[in-house]
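Please read the structure below before turning to the comments.
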Amino acid sequence: MNPRYFALAFASGCALLGVIVVLLFFTATVETGNVGVITNFGKVTGAVLDSGWHLVGPIDHVNEISIRTITTPVEADCFSSDLQDVKISLAVQTHITKDHAKDIYQNYGTEYMGQALPKIIDSLKAETAKYEAAEIIANRDKIRAEALKAAQARLDGFVVIEDLSIVNVEFSDDYEKAIEAKQVAQQRAEQAKYELQQAEVEADKEVATATGEAKAIQIRGDALAKNPAVIELELINKWDGKAPETLVTSGGTSASSIILPISAHK
């Protein structure tokens with residue numbers, strides 16, 4: 001073989017080997033949505049890599065940590081101001097920034113939410129304790145907003161809290177039974193109130209009817225007193241066409257009347 005060609009082939013092989021070595025030991029790729037925290041023999045350095053391909057040192061190890069938004073479900077056992085047990089289910093949306101990734105990884109690793117969640121729960125408990133149990137459902141949006149604000153202040157410079165969502169609110173069985181009993185009592189009270197109102201309406205109707213009848217009797221009595229002939233007219237109107245069995249006669253100027261039987265002739 002020509003020495004010149006041999007030297008060229010050897011140089012090309014060394015170059016290829018060098019490229020392979022660089023690719024294997026001096027580069028790193030960070031996935032989209034992550035940043036890379038570099039450590040040397042387990043010690044965190046100051047460098048943090050963005051997503052993508054990077055050249056690194058031979059002893060550098062790249063540890064990826066997500067900066068995406070993550071949603072963490074949380075169960076919080078709280079108390080109301082009247083000391084009722086309240087269990088609140090939360091959905092917590094958080095992320096970390098590249099600027100804080102190095103410190104977070106150095107101090108807490110990738111399980112940093114284990115440090116963040118207790119502070120979030122404490123903020124929620126503090127807000128829940130401002131309300132009586134019966135007020136919590138109606139004020140859940142206000143409780144969420146104030147708890148979010150308090151948690152953001154406590155975790156400033158650590159984890160960014162994007163939002164808190166109150167998924168569910170549960171009370172103790174005893175409190176639920178007490179609420180149900182109260183609702184039943186209120187329904188019965190409303191029913192009794194309705195029945196009383198109906199009775200008053202009926203009573204007013206009866207009074208109005210009785211008043212009308214009394215007034216009518218008085219008017220009729222006044223008319224009879226002023227015109228006795230009205231009695232005869234009443235008798236005529238009510239006569240059924242049959243001969244009377246008795247006869248009423250007046251004894252002259254006497255106020256008494258005599259009722260005489262009328263015998264039917266056979």
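Computed on the Cα trace of region 75-171, the radius of gyration divided by the Kirkwood hydrodynamic radius gives Rg/Rh = 1.03. What does a probe at K87 reach in region 160-175, counting residues whose amide N is under 17 Å from the point 7 Å along Cα→Cβ? Only 166-175 fall inside the zone, counting backbone N under 17 Å.
Give me the extension gain from E202 to A138: residue separation times 0.36 nm, minus the current Cα-Cα distance, reported in nm with one decimal.
19.0 nm
As a calculated quantity, the FRET efficiency between I70 and S172 at R0 = 41 Å, using C-beta atoms, amounts to about 0.85. Amide H contacts under 5 Å for E162: Q93, T94, H95, restricted to partners 5 or more places along the chain or on a different chain, H placed in the peptide plane at 1.01 Å from N. Mean sequence separation of contacting Cα pairs (under 8 Å, at least six apart), scaled by the length of region 75-171, corresponds to a relative contact order of 46 percent.
Working note: Karplus 6.51/-1.76/1.60 with θ = phi - 60° gives region 130-136 the couplings 7, 10, 6, 4, 5, 9, 5 Hz, where Gly and Pro are set to x.
Ordering T94, T72 from the fewest to the most neighbouring beta carbons within 10 Å gives T72, T94.
Full extension of the chain between I59 and Y194 gives 40.1 nm of extra length, using 0.36 nm per residue less the Cα-Cα distance. Dipole of region 75-171 computed with +1 at Lys/Arg Cβ and -1 at Asp/Glu Cβ about the Cα centre; of I120, L164, Q152, farthest Cα towards the positive end is Q152.
The numbers here are math on the coordinates, done by the rules we state, and not lab data. As the structure is a prediction and not an experimental result, all values here were calculated from the model. Cβ sites come from the backbone with ideal geometry, for glycine too, and all protein chains shown count toward neighbours.
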